[in-house]
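Asker: Dumping the structure here so I can ask a few things about it.
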Amino acid sequence: MRGSFMLFLVIFLTIIGSAAFYMASRTAFVIGSGRWWFFAGYFILAFVSLGAMMAVRNYYPTLHPFLVILSVMVGVLLYMLIVLLLTDAANIFAHFSPKTYGLIVGIATTLISVYGILNTSYPRLKTVEIEVPKLTEPVQIAQLSDVHLGHFRGERNLRRIVRLVNKTDAQMVVITGDLFESFYNLKPETLRPLAELKVPVFFVSGNHDMYVDIDSLKQLVRDAGVNVLENSMTECCGIQIVGLDYMRPDDHTPDHMHAGVGLRTIENTLPTIALDSAKPSILLHHNPVGAEYAEKAGIDLYLAGHTHGGQLFPVTLINDRIFNFNRGLYHHGNLQIYTSEGSGTFGPPMRIGTKSEVTLIRLKPGR
């Protein structure tokens with residue numbers, strides 16, 4: 001374990017150092033001064049910004065503005081690096097002057113960063129139609145996922161989402177985890193907008209919910225009038241709703257998001273829940289894993305989140321290789337899986353190549 005950590009640390013520092021050196025050399029080209037001070041500045045800024053991004057789960061009220069700014073800087077530095085690479089490629093043929101080169105990089109990085117922030121500030125309603133053979137009449141479900149209330153989002157953001165849901169004809173709302181990401185804003189007032197939802201609401205926890213006080217969080221959710229499903233099943237609109245806490249799919253699949261080892265898994269938990277095979281069923285679990293066990297249990301539809309669809313290009317490309325069900329609708333035998341891109345963000349409050357979504361799932365009887 002220690003050897004693996006050291007290897008990761010060496011690779012991590014090498015990547016950060018290489019990126020900082022490259023960015024410093026290009027800045028020195030524009031400014032016309034030595035690169036080493038810029039190298040030190042970029043390296044320290046990147047290191048501190050990544051550290052701040054990982055620390056957002058803590059309260060830190062006095063450091064709140066700095067955590068927000070530094071988390072934004074992670075995205076800004078990423079897109080500055082990409083813009084520099086693209087500008088250098090164009091410069092092979094264009095031969096920009098240092099001033100022109102600097103203006104291109106500065107303007108492009110600013111526009112991309114501003115777009116990324118605005119793109120995640122206003123969730124869009126996405127409508128998906130899914131056929132469920134056991135269903136006898138249409139049912140509309142609004143899915144919320146990965147809201148990530150904390151340093152970047154609070155009551156106002158949640159109210160915006162609730163108003164969007166209330167404009168639909170949803171007959172129930174499901175929240176598939178990561179409602180919170182921080183102790184910051186973990187208070188009853190933050191969840192007040194949930195009381196404005198006009199239909200039954202069901203919640204299952206995600207990995208970020210576990211990073212804060214999960215028991216207090218669940219109680220706050222219950223106090224807001226939401227049904228918390230903890231490895232249990234209920235019925236709504238003639239559909240069996242199964243909700244699982246955040247867990248690994250089985251004992252032999254690793255999970256790096258702190259799902260307990262040797263505890264409950266999807267494989268050993270679903271068989272303990274008595275399902276009526278004649279009725280349609282939906283599984284709520286934060287991470288879209290264990291599809292084979294959901295299909296074996298007779299689940300018709302699996303609703304999840306967690307992936308954010310990659311959130312930021314080019315991470316979107318990597319996510320498609322990491323997750324079997326990264327975003328959108330999939331089929332696994334008789335099981336259908338829908339993975340929401342989520343309405344919030346992790347790390348930089350930005351989205352490039354994805355959208356913040358609230359999903360209206362229209363279920364209709366199928367053949």
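Asker: Could you count how many residues in region 5-34 are without any contact (Cβ under 8 Å) to a residue 60 or more places away in the chain and not in a helix (DSSP H, G or I)?
Answerer: Within region 5-34, residues that are without any contact (Cβ under 8 Å) to a residue 60 or more places away in the chain and not in a helix (DSSP H, G or I) number 2.
Asker: Sticking with this structure for a sec: In the list VAL68, VAL139, VAL74, which residue meets the criterion of being in contact (Cβ under 8 Å) with a residue 24 or more places away in the chain, touching a Cys at 6+ places or on another chain (Cβ under 7 Å) and surrounded by 14 or more Cβ atoms within 10 Å (Cβ to Cβ)?
Answerer: Exactly one of VAL68, VAL139, VAL74 is in contact (Cβ under 8 Å) with a residue 24 or more places away in the chain, touching a Cys at 6+ places or on another chain (Cβ under 7 Å) and surrounded by 14 or more Cβ atoms within 10 Å (Cβ to Cβ), namely VAL139.
Let's see how each residue does on (1) touching a residue at least 40 places away in the same chain (Cβ under 8 Å); (2) within 22 Å of LEU179 (Cα to Cα); (3) of a type in the set (Lys, Arg):
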residue	(1), (2), (3)
PRO61	yes, yes, no
LEU78	yes, no, no
LEU86	no, no, no
HIS95	no, no, no
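Asker: Out of VAL139, VAL165, VAL132, which single residue is more than 18 Å from the chain's Cα centre (by Cα) and at pLDDT below 95?
Answerer: VAL132
Asker: Residues that are assigned by TED's automatic domain parsing to the domain that holds LEU144 and touching a residue at least 40 places away in the same chain (Cβ under 8 Å): find the helices (runs of 4 or more DSSP H) completely inside region 255-367 holding 2 or more of those.
Answerer: Counting at least 2 such residues, we get 291-296.
Asker: Suppose we filter region 189-220 for residues that are β-branched (Val, Ile, Thr), within 23 Å of ARG248 (Cβ to Cβ) and without any contact (Cβ under 8 Å) to a residue 60 or more places away in the chain; how many remain?
Answerer: 1
Asker: Go through region 145-173 and count every residue that is of a type in the set (A, V, I, L, M) and assigned to a loop (DSSP other than H, G, I, E, B).
Answerer: Qualifying residue count, region 145-173: 2.
Asker: Something else now. Looking only at residues that are in a loop (DSSP other than H, G, I, E, B) and over 30 Å from PRO138 (Cα atoms) in region 229-254, which one is modelled with the lowest pLDDT?
Answerer: Looking at residues that are in a loop (DSSP other than H, G, I, E, B) and over 30 Å from PRO138 (Cα atoms), I get PRO254.
Asker: Another one. For region 197-216, name all the residues that are in a strand (DSSP E or B) and of a type in the set (Phe, Trp, Tyr).
Answerer: PHE202, PHE203
Asker: With more than 26 Å from TYR211 (Cα to Cα), at pLDDT 85 or above and assigned by TED's automatic domain parsing to the domain that holds ALA108 as the only criterion, which of LEU45, LEU85 stands out?
Answerer: Going through LEU45, LEU85 in turn, just one is more than 26 Å from TYR211 (Cα to Cα), at pLDDT 85 or above and assigned by TED's automatic domain parsing to the domain that holds ALA108: LEU85.
Here's the yes/no breakdown for (1) charged (D, E, K, R); (2) surrounded by fewer than 16 Cβ atoms within 10 Å (Cβ to Cβ); (3) outside the structural domain of ALA195 (by TED's automatic domain parsing):
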residue: PHE93; (1), (2), (3): no, yes, yes
residue: THR100; (1), (2), (3): no, yes, yes
residue: ILE104; (1), (2), (3): no, no, yes
residue: ILE112; (1), (2), (3): no, no, yes
residue: ASP146; (1), (2), (3): yes, no, no
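The values are calculated or read from the model by the stated rules, or taken from the named source; none is laboratory data. Owing to the predicted nature of the structure, the values given are computational and were not obtained by experimental measurement. Using ideal geometry, Cβ is built from the backbone for each residue, glycine included, and neighbour counts are taken over all protein chains shown.
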